[in-house]
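Report on the following structure.
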Amino acid sequence: MDYAFDFYSVLSNTDVLIDGLLVTLELTVAANVVGLVLGFGVALLTTSSIFPVRVLSMLFVEFFRCTPAIVQIIWFFYCVPILFDVYIDSITMGIVALGLNLTAFNAEAYRASIQSVAREQMDASVALGFGPVQRTLYIILPNALRLSLPVLVTNGIGTFQQSALVALVAVQDLMYAGKSLATQTYRPIETFTAVALIYFVISFVVAQCVEFAARRYEPTSR
Amino acid sequence: MTFDFAIVLRFKEALLLGLWTTLQLTVICVVLGSLLGFLVGMARSANSPFVRVPARAYVEVFRGTPVIVQLFWFFFCLPLVIGTEIPNIVAGIIALTLYMGAITSETFRASLKSISREQYDACTALGLPHATQVVHVVLPQALLRAAPTLLSNCVSLFKESALLSAVGMADLMFIGQNISNNTARPVEVLTVVALIYFAIAFPLTRVVTRFESRVLAKLSA
């Protein structure tokens with residue numbers, strides 16, 4: 001291999017990559033807020049006793065879980081403006097697409113944890129005279145959040161990585177910045193390696209923190 | 001706004017061809033990736049740090065970066081690194097196989113770990129040779145426990161394979177996007193493409209769920 005590496009092209013353009021990273025982080029954080037909030041709502045709907053509500057919400061979850069994220073993103077960017085006759089700026093659209101994708105995955109995580117809230121807690125809340133809203137907010141939500149937190153954070157990191165897909169519909173995130181830098185400078189190895197490293201470092205650090213916290217707060221202590 | 005889903009039927013053959021490419025690529029990468037994953041899963045519990053550390057680094061890098069970045073890297077950088085042109089399909093298969101290897105190695109690692117200490121002790125007490133222990137005691141149980149997760153890894157890979165369209169491979173997504181651009185009918189075409197992916201992935205996830213409960217029942221029996 002006689003390739004002469006030249007990282008100057010990357011180092012002299014860090015501002016471009018940082019601008020891209022900021023967009024990526026914006027998308028990730030906003031999509032996570034959407035996913036954490038709506039995910040809980042959808043999880044409640046999938047455990048509803050009303051049949052059509054249950055079926056529709058499950059269909060929503062399964063549809064987003066069983067189609068490629070790239071198909072969802074391209075579908076949103078091309079079809080939503082036609083279907084609803086609206087123009088939405090690309091960042092918002094990216095947040096909507098990534099957020100709904102995350103909603104479906106988080107709903108599954110919440111659902112599993114809602115089902116594992118002990119029967120006795122429900123009985124106790126009835127005995128204490130809690131209404132359905134109070135029960136949901138004070139008994140189910142804290143339990144579900146605590147139990148599903150590791151999965152929720154893993155899903156959140158997943159969305160951080162999936163967010164790179166919006167580059168394909170010309171949202172100027174980190175991946176997009178990397179792509180254009182690679183073409184402008186003719187330095188794909190240096191640029192894509194740097195981009196991969198940025199994604200890796202952030203995902204890895206967050207994942208390690210979560211693993212550490214999960215081990216520390218494991219309910220069944222050894 | 002009127003929709004004409006009949007337009008999609010005109011491109012039935014093209015879409016089927018794309019689906020065929022998608023399925024072929026998925027199967028190749030699933031087979032190669034699972035083999036790699038098993039080896040890496042074993043390597044991660046090796047005694048020597050010279051085996052364990054590189055295996056862990058490989059898994060973390062491929063799980064910690066977006067698949068699309070990996071694909072771009074293999075398409076644009078690998079030919080430069082090795083100094084020769086490589087066909088698109090080879091670059092795509094290498095990238096997805098390495099990704100599959102990383103995610104399945106975690107599956108195998110978890111299943112290998114779940115085999116209790118007592119079983120190894122029992123093997124020693126029975127005087128079983130090491131090869132017998134691995135092939136007849138560890139492997140069957142590891143495979144059985146890993147099977148449901150392995151299957152859902154396959155579903156993930158099937159979905160990730162749609163990314164190959166971004167580097168110009170004529171899979172289902174690529175053909176769908178082409179048709180949608182040429183006919184200016186994104187709603188119909190892209191919806192059908194999404195439904196095709198769904199129609200394949202959804203039944204597989206159901207199989208995973210049923211399989212999982214059966215495996216759990218069998219293991220607890």
If I ask for residues that are under 25 Å from A:Val71 (Cβ atoms) and touching a Cys at 6+ places or on another chain (Cβ under 7 Å), which ones from the stretch A:162-201 would you list? A:Phe192
Looking at the stretch A:75-89, is at least one residue within 14 Å of the chain's Cα centre (by Cα) and either touching a residue at least 40 places away in the same chain (Cβ under 8 Å) or over 17 Å from A:Leu36 (Cα atoms) (or both)? no
B:Ala122: within 14 Å of another protein chain (Cβ to nearest Cβ) and of a type in the set (A, V, I, L, M, F, W, C), yes or no? no
Restricting attention to the stretch B:14-59, the residues that are more than 19 Å from B:Val155 (Cα to Cα), surrounded by fewer than 17 Cβ atoms within 10 Å (Cβ to Cβ) and aromatic (Phe, Trp, Tyr) number exactly 1
What helices (runs of 4 or more DSSP H) completely inside the stretch A:41-117 contain at least 1 residues that are of a type in the set (S, T, N, Q) and exposed (fewer than 14 other Cβ atoms within 10 Å of the Cβ)? A:90-115
What pairs can you find where one residue is in the stretch A:109-125 and at pLDDT below 85, the other is in a helix (DSSP H, G or I) and crowded, with 20+ Cβ neighbours inside 10 Å, and their Cβ atoms are less than 7 Å apart, with a gap of 6+ or different chains? A:Val117/A:Ile140; A:Val117/A:Ala144
Could you please find all residues in the stretch B:177-190 being crowded, with 19+ Cβ neighbours inside 10 Å and within 28 Å of the chain's Cα centre (by Cα)? B:Gln177, B:Ile179, B:Ser180, B:Val189, B:Leu190
Which numbered condition A:Ala43 misses (of (1) more than 14 Å from chain B (Cβ to nearest Cβ); (2) of a type in the set (A, V, I, L, M); (3) closer than 21 Å to A:Ser163 by Cα): (3)
So is B:Val192 of a type in the set (Val, Ile, Thr) and more than 9 Å from every other protein chain (Cβ to nearest Cβ) or not? yes
If you go through the stretch A:70-90, how many residues are more than 7 Å from chain B (Cβ to nearest Cβ) and closer than 24 Å to B:Glu160 by Cβ? 6
Of all residues in the stretch B:149-165, which are within 9 Å of chain A (Cβ to nearest Cβ) and either closer than 11 Å to A:Pro68 by Cα or at pLDDT below 90 (or both)? B:Val155, B:Phe158, B:Lys159, B:Glu160, B:Ser161, B:Ala162, B:Leu163
A:Phe204 fails exactly one of the following numbered conditions: (1) buried (at least 16 other Cβ atoms within 10 Å of the Cβ); (2) over 26 Å from A:Arg65 (Cβ atoms); (3) without any contact (Cβ under 8 Å) to a residue 12 or more places away in the chain. What is the number of that condition? (2)
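Let's see how each residue does on (1) over 26 Å from B:Gly168 (Cβ atoms); (2) aromatic (Phe, Trp, Tyr):
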| site | (1), (2) |
| --- | --- |
| B:Val8 | no, no |
| B:Ala14 | no, no |
| B:Leu32 | no, no |
| B:Gly37 | yes, no |
| B:Phe50 | yes, yes |
| B:Ala55 | yes, no |
| B:Val61 | no, no |
All but one of (1) buried (at least 16 other Cβ atoms within 10 Å of the Cβ); (2) of a type in the set (Ser, Thr, Tyr); (3) touching a residue at least 12 places away in the same chain (Cβ under 8 Å) hold for A:Thr193; which doesn't? (3)
Considering (1) crowded, with 20+ Cβ neighbours inside 10 Å; (2) away from every other protein chain (no Cβ under 14 Å); (3) at pLDDT below 95, say which one A:Asn155 fails and leave the rest. (2)
Exactly one of these conditions fails for B:Ser152: (1) closer than 22 Å to B:Leu71 by Cα; (2) in contact (Cβ under 8 Å) with a residue 60 or more places away in the chain. Give me its number. (2)
Looking at the stretch A:1-40, which of the residues that are of a type in the set (D, E, K, R) and out of contact with any Lys or Arg (no Cβ under 8 Å at 6 or more places or on another chain) is nearest to the other protein chains (Cβ to nearest Cβ)? A:Asp2
In the stretch B:1-118, which helices (runs of 4 or more DSSP H) lie fully inside it and hold 3 or more residues that are within 15 Å of the chain's Cα centre (by Cα) and away from chain A (no Cβ under 14 Å)? B:12-43, B:88-113
Here is a list: B:Ala146, B:Ala131. Which entry is out of contact with any strand residue (DSSP E or B) (no Cβ under 7 Å at 6 or more places or on another chain), over 30 Å from B:Ile86 (Cα atoms), more than 10 Å from chain A (Cβ to nearest Cβ) and surrounded by fewer than 20 Cβ atoms within 10 Å (Cβ to Cβ)? B:Ala131
Failed condition for B:Val81, given (1) of a type in the set (A, V, I, L, M, F, W, C); (2) surrounded by fewer than 22 Cβ atoms within 10 Å (Cβ to Cβ); (3) out of contact with any Phe, Trp or Tyr (no Cβ under 9 Å at 6 or more places or on another chain), with all others met? (3)
Does B:Pro148 qualify as being farther than 30 Å from A:Val80 by Cβ and touching a Phe, Trp or Tyr at 6+ places or on another chain (Cβ under 7 Å)? yes
Considering only residues that are under 21 Å from B:Phe62 (Cα atoms) and of a type in the set (Gly, Ala, Ser), look in the stretch A:158-176 and name the one that is farthest from the other protein chains (Cβ to nearest Cβ). A:Gly158
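The values are calculated or read from the model by the stated rules, or taken from the named source; none is laboratory data. Everything quoted here is computed from the prediction, not taken from an experiment. Here Cβ is always computed from backbone atoms with ideal geometry, including for glycine, and neighbour counts include all displayed protein chains.
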